[in-house]
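Quick notes on the structure that follows.
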Amino acid sequence: QVEVVESGGGLVQPGGTLRLSCKASGLISPYYGMGWYRQFPGNQRAMVAEIKADCATNYADAVQGRFTISRLNAYATGYLQMNALKEEDTAVYYCYYKEYRTFWGQGTKVTVSS
């Protein structure tokens with residue numbers, strides 16, 4: 001079993017920055033992917049960014065150029081650096097850890113507001 005825990009959410013003004021962290025623990029594989037989804041009120045989760053086992057990255061169009069995903073392989077820890085935040089980035093952000101199964105965290109709330 002794998003546990004995934006996110007942290008780093010909070011309130012930030014438009015144009016500000018936040019860095020979300022994601023830590024996976026338990027039966028960790030050395031070959032895994034990580035990623036972030038976000039969920040707006042009343043909507044399904046949508047992919048924000050992902051970093052695959054081969055370190056290839058993908059970003060949603062809405063965050064391309066503003067967000068950066070990274071990870072520390074040996075520590076099963078991932079990060080989402082969010083710059084130039086907009087009010088429309090307000091959402092609950094969920095991290096996942098993926099090997100042959102996918103494990104999700106409980107989410108961390110990001111609020112962008114003046």
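The values are calculated or read from the model by the stated rules, or taken from the named source; none is laboratory data. Bear in mind that the values here come from a model prediction, so they are computed numbers and not experimental data. We place every Cβ from the backbone using ideal geometry, glycine too, and count neighbours over all the protein chains shown. The area values use the complete protein model at the heavy-atom level, side chains included, leaving out ligands, DNA and RNA. Shrake-Rupley method; radii C 1.70, N 1.55, O 1.52, S 1.80 Å.
Of all the numbered requirements in (1) touching an Asp or Glu at 6+ places or on another chain (Cβ under 7 Å); (2) touching a residue at least 24 places away in the same chain (Cβ under 8 Å), ASN58 misses one, and that requirement is (2). When residues in region 63-92 are screened for being in contact (Cβ under 8 Å) with a residue 60 or more places away in the chain and either in contact with a Cys (Cβ under 7 Å, 6 or more places away or on another chain) or among the aromatic types (Phe, Trp, Tyr) (or both), 1 of them pass. When LEU27, LEU18 are screened for being more than 11 Å from the chain's Cα centre (by Cα) and crowded, with 19+ Cβ neighbours inside 10 Å, only LEU18 passes.
Of everything listed in (1) open to solvent by 60 Å² or more (accessible area, probe 1.4 Å); (2) closer than 19 Å to GLY107 by Cα; (3) of a type outside the set (Phe, Trp, Tyr); (4) not in a strand (DSSP E or B), the single unmet condition for VAL63 is (1).
Scan region 92-105 and tell me whether some residue there is part of a loop (DSSP other than H, G, I, E, B), modelled with pLDDT of 95 or more and crowded, with 16+ Cβ neighbours inside 10 Å.
yes
Residue check: PRO41 meets all listed conditions (1) exposed (fewer than 13 other Cβ atoms within 10 Å of the Cβ); (2) under 14 Å from VAL2 (Cβ atoms); (3) over 12 Å from the mean Cα position of the chain (by Cα) but one, namely (2).
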